[in-house]
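Data block below; observations after.
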Amino acid sequence: MTLPSDRSSFEAHVKTPHPDQVMLEGPHSRGKELWLVLRAVHDFIRGFRALHFVGPCVTVFGSARFREGHPYYTLGQEVGHRLSELGFTVMTGGGPGLMEAANRGAKSAGGRSVGCNIRLPVEQQPNPYLDRTVICQHFFVRKVLLFKYSYAFVALPGGIGTMDELFEALTLIQTKKIEHFPVVLFGQSYWEPLVEQLRQMAANGTIAADDLRLMLVTDDVNQAMQHLNVNAIEHFGLRRRREPKPSRWLGEDGGRVAANP
């Protein structure tokens, strides 16, 4: 190992650990454990206040790596647009790629568009199509915010992060920790290997056969919107209403809300 020759170079090589890394690295002193918990609570409170009046949401998951010009990006825009036409606020992880596409589609329809972003060692900038952004310190806080305000979940093609969020939704529904909100996967050919794996799991008894009906897999946007209309809007009695006035003093008014570094 070759050490940098001067102090400035050495400091450039020393990375500040991510808050999740510190939280999960093992026991700390009692005082530091309390500080870590309080910082997470602060993260939650900032998110709760910022998103209190965003309205009924549909959370859209998807890869950050499919950029404009890719067919999945075009699909994401259409999905965001159509969700807004149904009256939903479109919520995403707030990043680029298919998250951006869904937010962009919502904005093009004149709908509301929000994002729950995350501080990463390599900064992930919020996309430019957001009415409101919450930037979280912790992944688990971000995940709570992505689920707390939504009446349905849509998964566009994605990688490990998308799979994590998708299976979190399915687990919460399967275990009845949340209501049986509709889950829609767009891209039949993309998701077919996953669906086949789930069929194998059902055949082996590790999940119930009924669990396969927790999600709709489709390429048809019209079919998906009808599914959401019946199983979210009609099922939960959602109605358009006048938006309450947010409180500036409670952190409910404004655009970008960042957790403390």
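Can you pull the percent of Cα pairs in the stretch 136-192 with separation above 19 Å? Looking at the stretch 136-192, the distances longer than 19 Å represent 29 percent of pairs.
Of Ala202, Ala50, Ala102, the residue with the greatest mean-square motion in the GNM of the chain, using alpha carbon springs below 10 Å, is Ala202.
Exposed loop sites here are GluC sites (Glu not before Pro) assigned a DSSP state other than H, G, I, E or B and surrounded by at most 16 other beta carbons within 10 Å; excluding them, the longest clear run of the chain is 180-261. Taken over the C-alpha atoms, the stretch 114-210 has Rg and Dmax values of 15.3, 46 angstrom. For the stretch 189-235 versus the stretch 67-121, the spacing of their alpha-carbon centroids is 22 Å. Taking the Cα centre of the chain as reference, the dipole from Cβ charges on Lys and Arg (+1) and Asp and Glu (-1) amounts to some 1000 debye. Of all DSSP-defined beta bridges confined to the chain, some 0% are antiparallel rather than parallel. Exposure proxy ranking for Ile173, Ile178, based on other Cβ atoms within 10 angstrom of each Cβ and starting from the fewest, stands as Ile178, Ile173. FRET efficiency for the pair Asp210 and Thr16, taken as 1/(1 + (r/R0)^6) with r the Cβ-Cβ distance and R0 = 51 Å, rounds to 0.65. Amide H contacts of Val184 (H built 1.01 Å from N, in plane; Pro and chain starts excluded): Phe153, Val154, Ala155, Leu216 sit under 5 Å, all sequence-distant by 5 or more or on other chains. Other residues lying with their Cβ under 15 Å from the Cβ of Asp211 contribute a combined charge of +1, Lys and Arg counting +1, Asp and Glu -1.
(1) 51, 37, 33; (2) 60, 37, 33; (3) 61, 51, 41: which one is Cα extents along the principal axes in Å as calculated from this entry? This structure yields the entry labelled (3). Using 1/(1 + (r/R0)^6) with R0 = 22 angstrom and r between the beta carbons of Gln223 and Glu78, what's the FRET efficiency to the nearest 0.05? Between Gln223 and Glu78 the formula returns 0.95. Shape summary: the stretch 5-152 maps onto an equivalent ellipsoid whose semi-axes, from the alpha-carbon gyration tensor, are 32, 20, 11 Å in decreasing order.
Taken one residue at a time, the phi angles of the stretch 161-168 give Karplus couplings (6.51, -1.76, 1.60, θ = phi - 60°) of x, 5, 5, 4, 5, 4, 6, 4 Hz. Gly and Pro are set to x.
Once the Cβ-Cβ distance of His28 and Gln188 is raised to the sixth power relative to R0 = 41 Å, the FRET efficiency obtained is 0.30. Among Leu170, Leu120, a tally of other beta-carbon atoms within 10 Å of each Cβ gives an order, fewest to most, of Leu120, Leu170.
Fully extending the segment from Glu234 to Glu68 would add 56.4 nm, taking 0.36 nm per residue of separation and subtracting the current Cα-Cα distance. For the chain, adding -39500 (n - 2.57) for each run of n ≥ 4 DSSP H residues and dividing by the number of residues yields -13000 deg cm²/dmol at 222 nm. Share of Cα-Cα pairs in the stretch 79-164 beyond 22 Å, in percent? In whole percent, the share of Cα-Cα pairs in the stretch 79-164 beyond 22 Å is 17.
Computed extension length for Leu38-Val122: 27.8 nm, one decimal, from 0.36 nm per residue of separation with the Cα-Cα distance subtracted.
Just so you know, all these numbers are worked out from the coordinates, no wet-lab data involved. Since we're looking at a predicted model, the values are computed, not measured. Using ideal geometry, Cβ is built from the backbone for each residue, glycine included, and neighbour counts are taken over all protein chains shown.
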